[in-house]
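Structure first, commentary second.
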Amino acid sequence: MPVNSYANPNPIFQPAMRIIAAISNGLPASITTTFAHQYKTGLIVRLDIPSNYGMQPLNQVFAPITVTGPATFTMPLDTTALGLFTVPPLNPGHNYTDAQCVPIGAVNGDLNLATRNILPF
């Protein structure tokens with residue numbers, strides 16, 4: 001799966017931004033990340049979708065997630081009428097921004113979802 005940027009699989013501060021590999025056309029929308037996201041159900045994430053990926057109505061949309069697998073989760077969004085989400089091919093010498101999901105909060109009382117510093121002491 002081609003991506004142009006790097007997302008640290010073991011970041012110091014979690015939950016961290018993850019690069020989006022796929023978004024399904026359905027209700028709810030299913031999002032797949034390029035590797036394990038380490039998210040928990042109830043986390044609220046914002047989708048940042050550059051125009052060359054399609055699905056522009058989802059850009060800057062945020063909603064709580066339901067974790068369905070190590071690298072997948074669903075969001076209560078209806079994407080059935082949207083075009084396909086497509087990762088553009090790598091083009092050497094040209095950079096672009098990857099589609100990302102960015103944690104911004106949580107819907108429950110578990111503060112561990114929003115902030116967790118895993119620096120060793």
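Just one residue in the set L27, L43, L58 is buried (at least 17 other Cβ atoms within 10 Å of the Cβ), hydrophobic (A, V, I, L, M, F, W, C) and without any contact (Cβ under 8 Å) to a residue 60 or more places away in the chain; that residue is L58. Just one of (1) out of contact with any strand residue (DSSP E or B) (no Cβ under 9 Å at 6 or more places or on another chain); (2) under 18 Å from D78 (Cβ atoms); (3) not in a loop (DSSP other than H, G, I, E, B) fails for L47. It is (1).
Residue selection: V87 fails the criterion of being within 18 Å of I20 (Cβ to Cβ), surrounded by fewer than 19 Cβ atoms within 10 Å (Cβ to Cβ) and either at pLDDT below 90 or among the hydrophobic types (A, V, I, L, M, F, W, C) (or both). Which of the residues that make up the stretch 59-83 are within 21 Å of F35 (Cα to Cα) and among the aliphatic types (A, V, I, L, M)? Those that are within 21 Å of F35 (Cα to Cα) and among the aliphatic types (A, V, I, L, M): A63, I65, V67, A71, M75.
The values are calculated or read from the model by the stated rules, or taken from the named source; none is laboratory data. Keep in mind it's a predicted model, so treat the numbers as computed, not measured. Cβ: placed from backbone, ideal geometry, glycine included. Neighbour counts: every protein chain shown.
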